[in-house]
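Asks: Let me give you the structure first, and then I'll get to my questions.
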Amino acid sequence: MYKNSWAVAVLAFAVAVGTLQMTVVVPLLPGLERQLHAPPTTVSWTLTAGLLSGAVSIPLLARLGDMYGQRTVSLVALGLLITGSALSAVAGTLPLLIAGRVLQGTAAPLLPLAMGLVRQMVPGNRLPSAIGVLSATIGVGSGGGMIFAGLLDGNHRTVFWALAGLAALSFVLVAAVVREAPARGSGRPDLAGAALVTVWLVCLLLAISKGAAWGWTSPLTLGLFVVAVAVAAVWVATARRTASPLIEIPMLLHRGTVGATVASFLLGFALFAAITTVSAVAQGALGASVLQVGVYLLPTTMLMLVVSVLAGPLMRRFTASALVAGGSALVTAAAVWLAVSRSSGADLYGAATLLGLGVGLGYAALGTMAVEHVEPAKTAAAGGVNALVRVVGSSVAGAVGAAVLSSGGAGWTFGVAAGAALLAALLAALFAAVYGNLSRKELA
């Protein structure tokens, strides 16, 4: 029992370290603009690249985990995180830094891999608690990344070297403590699907982030949009004919999951659009240090963790879709607050509190909303799609937020985040009203 507890703790630490890389770069963006002499829309790719890499890696490495073992693939992911962090630390140019961030992003699948390992090690009666601990570390890692960067004076080299050290420590602990049964999976990973998804997402996000600078009707911008649509169409067509596709297209459109899928995308978008703009406003208009940015967002970090842990009793009284709607409404209120008033620390603290409550509640309920109306055999696929679209939404926010911020200002960026969160609230409420009382069989 104690050995299993240590293994869960080690995996939770690995997930937290892997999640740190998603947000640690957020408060570094203004400084990177000055150091690298690059515009915000270009520097934002240090955030977008890591998130985009994570979006593709989640289904790909999860499949490799089934084939070769979750422990082995977790160690590979941690090894790539070490390499990417070291590369980012020594990078003197933006392309090299982005390459390092791509490698760091491959740590995103550590949560689903850890969940697979925990299912092997922990008895059924203790499994919900163990998975709850792993899920809660997302909140610690997401918000902790900004505090982590601040404690190291916002120096990107120091930050990435420290992240490499934490990843190395986690690698050693996982190798020493975690064990698993031999892998039994078969088949092969959908590498072609991963390549196609990467191409069309990069083309889409590049066109969005640079469209204002290049011109929205310029041949380059329009060409990227056309390529993105064409490659996406090819990906959908090939995914439908592939035995084990990267993403199950029918699951994206399943009546029982489409509400959670779209809400997850919109909430991921709203969260990252909000926190990246808070960082820019705090450092620009308020003259905050990187550490102060993390302190301003500390209520978001803490409440995401607390609410996600305490959401279980609420889900016994309310439907998951109703809780997602409520959480999204709170995120909307936070973004509207900042769109209207952001001239003082009190505004940032107040909005960050609402943001933490809303995202904590919404994220905790989204997992249940994604799987409660599908057959048990499709639970893993539904959960994987939900996690994937949330990360895609976050990566889109990096590109869109930078483009709107540079052309329209912070008020417009917070307005876009509010609009996304409001759509998530309305969609979840509609889903609750239409499908809330239907069974899995009726929705199949």
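The values are calculated or read from the model by the stated rules, or taken from the named source; none is laboratory data. Source: prediction; values computed, not measured. Cβ sites come from the backbone with ideal geometry, for glycine too, and all protein chains shown count toward neighbours. For accessibility, only protein heavy atoms count, side chains too; no ligands or nucleic acids. Shrake-Rupley method; radii C 1.70, N 1.55, O 1.52, S 1.80 Å.
Asks: Provide the three semi-axes, in whole Å and in decreasing order, of the ellipsoid equivalent to segment 302-343 as defined by the square roots of 5 times the Cα gyration tensor eigenvalues. Kindly include the intermediate steps, with their values, before the conclusion.
Replies: On the way: eigenvalues 125, 34, 5 Å².
Rounded to whole Å, the semi-axes are 25, 13, 5.
Asks: May I pose another question? Could you tell me the distance between the Cα centroids of segment 13-39 and segment 77-111, to the nearest Å?
Replies: Measuring centre to centre over Cα atoms gives 11 Å.
Asks: Pick out which of R71, R188, R255 has the largest mean-square fluctuation in a Gaussian network model of the chain, springs linking Cα atoms closer than 10 Å.
Replies: In the Gaussian network model the winner is R188.
Asks: How much length is gained if the chain between V306 and A346 is pulled fully straight, taking 0.36 nm per residue apart and subtracting their Cα-Cα distance, in nm to one decimal? Provide the component values of the computation, followed by the final result.
Replies: Values: separation 40, 0.36 × 40 = 14.40 nm, distance 2.16 nm.
Once the chain is fully extended between V306 and A346, it gains 12.2 nm.
Asks: Please work out the C-alpha center-to-center distance from segment 395-433 to segment 210-275 and express it in whole Å.
Replies: When both Cα centres are located, 16 Å separates them.
Asks: Of the accessible area of segment 1-74, with the probe set at 1.4 angstrom, what percent is carbon plus sulfur? Don't jump to the answer; show the numbers that get you there.
Replies: Numbers: 1610 of 2500 Å².
Here carbon and sulfur together make up 65 percent of the probe-accessible area.
Asks: Based only on Cα atoms, what mean projected area does the convex hull of segment 163-289 have, in nm²?
Replies: Values: hull surface 53.5 nm².
Taking a quarter of the hull surface, the average projection is 13.4 nm².
Asks: Would you calculate the convex hull of the Cα atoms in segment 1-49 and tell me its volume per residue in Å³?
Replies: Numbers: hull volume 3.3 nm³, N = 49.
Given the Cα convex hull of segment 1-49, per-residue volume reads 67 Å³.
Asks: To check my understanding: the extent here is largest minus smallest coordinate of the Cα atoms along each principal axis. What are those three numbers for segment 244-334, in Å, largest first?
Replies: Per principal axis, max minus min of the Cα coordinates gives 48, 34, 24 Å.
Asks: Over the chain, with the other protein chains present, what is the accessible area per residue in square angstrom, probe 1.4 angstrom? Could the numbers behind the result be given before it?
Replies: Working: 17700 Å² over 444 residues.
Value for the chain: 40 Å² per residue.
Asks: Something else about it: Let's see if you can work this out: charge +1 on each Lys and Arg Cβ, -1 on each Asp and Glu Cβ, no other charges. What is the dipole magnitude of the chain about its Cα centre, in debye to the nearest 20?
Replies: 740
Asks: Follow-up. Under the 0.36 nm per residue contour assumption, what length would be gained going from the current alpha-carbon distance of L222 and A195 to full extension? Can you show the working numbers first?
Replies: Working: separation 27, 0.36 × 27 = 9.72 nm, distance 2.15 nm.
Result for the pair: 7.6 nm of gain on full extension.
Asks: Running Debye on segment 241-290 with equal point scatterers at the Cα sites and no solvent, what base-10 log of I(q)/I(0) appears at q = 0.27 Å⁻¹?
Replies: For segment 241-290, the Cα-only Debye profile gives -0.95.
Asks: Counting helices only, and only those DSSP H runs with n ≥ 4, report the 222 nm mean residue ellipticity of the chain as the sum of -39,500 (n - 2.57) divided by its residues, in deg cm²/dmol to the nearest 500. Please list the in-between numbers first.
Replies: Working: 20 runs with 364 residues, N = 444.
That calculation yields -28000 deg cm²/dmol at 222 nm.
Asks: Continuing with the same structure: Gain in length, W161 to V434, computed as 0.36 nm per residue apart minus the alpha-carbon separation, to one decimal in nm? Can you show the working numbers first?
Replies: Details: separation 273, 0.36 × 273 = 98.28 nm, distance 5.03 nm.
Computed gain between W161 and V434 is 93.3 nm.
Asks: What value does the chain have for Rg/Rh, both radii from Cα atoms and Rh as Kirkwood defines it? Please report the intermediate quantities before stating the final value.
Replies: On the way: Rg = 20.4 Å, Rh = 21.7 Å.
Here the Rg-to-Rh quotient is 0.94.
Asks: What accessible surface, in Å², does a 1.4 Å probe find on V172, ignoring ligands, DNA and RNA and rounding to the nearest 10?
Replies: 90
Asks: Separate question: On the protein heavy atoms, probe 1.4 angstrom, tell me the percent of accessible surface of segment 227-336 carried by carbon and sulfur.
Replies: Of the solvent-accessible surface of segment 227-336, carbon and sulfur hold 72 percent.
Asks: Give me the net charge for the shell around P109: Cβ to Cβ below 12 angstrom, other residues only, Lys and Arg +1, Asp and Glu -1. Present the calculation step by step, with values, prior to reporting the outcome.
Replies: Values: positive: R63; negative: D66.
Surrounding charge for P109 is 0.
Asks: Output needed for segment 202-252: three equivalent-ellipsoid semi-axes, defined as square roots of 5 times the C-alpha gyration tensor eigenvalues, in descending order, whole Å. Please list the in-between numbers first.
Replies: Details: eigenvalues 166, 19, 9 Å².
Semi-axes, largest first: 29, 10, 7 Å.
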